[in-house]
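The values are calculated or read from the model by the stated rules, or taken from the named source; none is laboratory data. This is a predicted model, so every value here is computed, not measured. Every residue, glycine as well, gets a Cβ built from its backbone with ideal geometry; the counts of neighbours run over all protein chains shown. Side chains are part of the model used for accessible areas, which takes the heavy atoms of the whole protein and leaves out ligands, DNA and RNA. Shrake-Rupley method; radii C 1.70, N 1.55, O 1.52, S 1.80 Å.
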Amino acid sequence: CFGTSILTDSGSFQEVVVKIDRRTYKKPFLGGFRNVSTGVEFHNAGSQTNPLKRPDKGIQLFSKETQTAVEKNKQQQTRNTTSTQMTKIGLYVSNMTDKLITPGKYFTAEEYHKRRLEAVIVLQKYFRRWHAINLVQNLMEQKRLRLAREAQEELQKKREKEEKLRREYEKKLNPKTKEDFELLYHELELWMQEEIERINRTLSGAERKAALCALLEEETELIACIGMHKLNANVENQQKAIMQLLDKCAQPRRWKAFDGKITEMDTQSTLRGKELLEIYRSISTKGIPKDERTSVLLTLKCTVKEHECKLTQEIVALVDREIDLISREVKECNLEGLRKRICTLFLQYIKIPEFNPEVAGFLKVPQDPLKLYKNVYFCHSCENYLPSTEFPIPANSRTIGRCRSCYQLDNEARKREAYFKYRLILENLRKSEVDYQDDTKIVFLVQLPDMQYLIENIWNSKSALSACNDLYELVMVRWEKQREWSPWNTILLTKEEADAHLKLCNLQEAYESPFISKVKQKHIQAKNYFAQFPAMSSFLHRSNNQANANSDKK
């Protein structure tokens with residue numbers, strides 16, 4: 001600040017204090033003048049100083065410019081210049097084509113929103129109709145697909161049933177396996193029972209005895225016919241078994257690599273097996289020309305001459321005899337016996353491990369005599385010494401008993417029961433239990449008679465849910481999926497019912513209490529029956545302990 005003297009209007013000088021505001025930035029030029037010669041700029045005081053504040057009168061004031069609207073009139077030109085000619089003095093304009101326009105009815109905002117709501121309702125109505133049509137069409141399409149799928153499944157079941165009946169009929173006409181003959185004898189027994197019942201119901205006295213004698217003769221003829229079929233089937237099965245044995249000897253070594261690929265390798269013994277297989281197949285083929293037959297016999301002769309023994313000498317002698325007879329134009333029907341002898345001796349040659357090393361692992365009778373004393377038992381029925389695998393041992397057995405052949409012969413002569421259906425159920429059960437991979441053991445202790453008793457006496461040979469009595473459609477599964485299978489943790493159902501049962505998480509919610517009580521009662525019956533078996537007692541006690549532990553947890 002500094003003081004200065006100014007001249008007043010009265011002509012006297014007055015000292016005033018001038019405050020100088022020194023700013024740190026360059027002051028902008030807001031008006032003034034500049035000295036041209038010296039270049040000094042002079043700023044106007046009015047534009048460089050803040051205006052004085054008006055004194056506050058205590059009354060709120062408003063400015064006229066901010067409180068009034070400014071109107072402005074402006075002329076505009078339309079895009080197309082138009083004009084209207086009206087009737088006047090000296091000019092007539094026709095009004096025939098004129099239109100009278102009257103203003104419509106004025107509607108309020110409530111009417112406008114009501115109109116929009118009605119339009120929205122109409123749109124919703126049509127949309128819901130379209131959506132309902134699509135929904136119904138989708139439901140109809142799903143129904144059509146479901147009906148078509150059910151019809152296809154029903155047709156598939158019908159075809160499978162027809163195919164099963166056709167196979168059974170074919171097995172009865174041309175039996176080949178033990179199961180086929182078992183079913184055949186079972187059908188014979190059913191027919192005999194029906195005929196005996198009919199005779200006892202309709203006839204009496206001497207007529208009844210005569211009818212029973214005729215029935216016995218007819219049964220004897222049927223048994224003889226079945227025996228002839230069995231002989232023919234044994235010959236075919238024996239030939240198939242021979243070819244399977246030779247195929248196994250000719251198979252190369254196989255193993256799986258780290259990448260999953262199968263690697264095959266032919267060894268010297270497998271190549272020898274292939275050579276012997278081709279020779280046996282050639283000499284056992286019928287109807288080949290004489291030149292080819294002679295060539296095959298010479299190949300056989302050269303092969304067996306590699307080893308000198310009594311067997312090979314006999315084979316060579318028979319081969320020379322057949323070649324000589326072929327050269328003399330002997331009929332083939334007269335050579336059948338000779339050719340069978342050659343095939344039989346050559347098969348003996350193949351089964352000797354010294355001549356065919358690969359066959360040593362497939363022979364039932366071990367080459368080492370000391371191995372015959374291990375796991376060999378005596379059958380008191382046929383009085384033969386057989387390996388342990390030839391004896392069916394039930395769970396309640398305490399001794400070895402009879403062999404499988406004696407059981408089969410006794411069944412064909414007396415009971416004539418068909419175990420094929422029970423065997424099929426047991427095999428399916430064991431396969432399903434192996435898939436669980438929980439080290440189950442009881443299912444492998446249960447034998448065929450035990451499974452038959454379980455199905456017939458406890459479950460009455462029908463499904464627990466649908467009462468289906470077709471054993472081909474029934475399977476046994478676990479009642480509680482978390483516990484291993486046992487006769488007291490099982491249920492007999494159809495295949496579809498079993499699949500649905502295994503998907504259940506809570507049996508108490510899925511089944512009603514009367515059905516659960518019924519199943520538990522059957523489990524108690526199974527426990528009482530299998531508790532007599534020494535092999536089952538330990539598993540039974542263990543299951544009881546698990547049940548008590550589960551009840552304590554609950």
Being closer than 30 Å to PHE362 by Cα, over 40 Å from the mean Cα position of the chain (by Cα) and among the polar types (S, T, N, Q) is the filter here, so list the residues in region 185-242 that pass it.
-> ASN232
Exception for LYS301 within (1) within 44 Å of the chain's Cα centre (by Cα); (2) at negative phi falls at (1)
How many residues of region 495-516 are outside any helix (DSSP H, G or I) and aromatic (Phe, Trp, Tyr)? The answer is 1
With the first residue restricted to region 405-424 and required to be open to solvent by 50 Å² or more (accessible area, probe 1.4 Å), and the second required to be among the polar types (S, T, N, Q) and assigned to a helix (DSSP H, G or I), Cβ contacts under 9 Å at 6 or more apart or on different chains are GLU417/ASN411; GLU417/GLN452
Could you please let me know if ARG254 is outside the structural domain of TYR185 (by the TED database), out of contact with any helix residue (DSSP H, G or I) (no Cβ under 9 Å at 6 or more places or on another chain), open to solvent by 30 Å² or more (accessible area, probe 1.4 Å) and under 26 Å from PHE362 (Cα atoms)?
-> yes
Given the structure, is ASP439 of a type outside the set (Lys, Arg), assigned to a loop (DSSP other than H, G, I, E, B) and exposed (fewer than 14 other Cβ atoms within 10 Å of the Cβ)?
-> yes
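How many residues are out of contact with any Leu (no Cβ under 9 Å at 6 or more places or on another chain) and at positive phi when one looks only at region 461-480?
Result for region 461-480: 1.
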Would you pick out the residues in region 100-120 that are open to solvent by 90 Å² or more (accessible area, probe 1.4 Å) and among the hydrophobic types (A, V, I, L, M, F, W, C)?
-> LEU100, ILE101, PHE107, LEU117
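Taking into account only those residues within region 190-228 that are β-branched (Val, Ile, Thr) and farther than 20 Å from ASN411 by Cα, which is most open to solvent (accessible area, probe 1.4 Å)?
The first filter runs over region 190-228 and keeps only residues β-branched (Val, Ile, Thr), leaving 196, 199, 202, 220, 223, 226.
Now drop any that are not farther than 20 Å from ASN411 by Cα, which leaves 199, 202.
Details: ILE199: 5, THR202: 86 Å².
Ranking the candidates gives THR202 first.
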Which of the residues belonging to region 487-538 are open to solvent by 80 Å² or more (accessible area, probe 1.4 Å) and within 28 Å of the chain's Cα centre (by Cα)?
-> LYS495, GLU496, ASP499, LYS503, CYS505, GLN508, GLU509
Within region 359-392, residues being at pLDDT below 80, among the polar types (S, T, N, Q) and closer than 26 Å to LEU445 by Cβ number 3
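Which ones in region 229-251 are open to solvent by less than 70 Å² (accessible area, probe 1.4 Å) and either aromatic (Phe, Trp, Tyr) or within 16 Å of LEU347 (Cα to Cα) (or both)?
Keep residues of region 229-251 that are open to solvent by less than 70 Å² (accessible area, probe 1.4 Å), which gives 229-230, 233, 237, 241-243, 245-247, 249-250.
Of everything in region 229-251, those that are open to solvent by less than 70 Å² (accessible area, probe 1.4 Å) and either aromatic (Phe, Trp, Tyr) or within 16 Å of LEU347 (Cα to Cα) (or both) turn out to be ASN237, ALA241, ILE242, MET243, LEU245, LEU246, ASP247, CYS249, ALA250.
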What are the residues in region 257-269 that are in contact with a helix residue (DSSP H, G or I) (Cβ under 9 Å, 6 or more places away or on another chain) and open to solvent by 30 Å² or more (accessible area, probe 1.4 Å), if any?
-> ASP266, THR267, GLN268
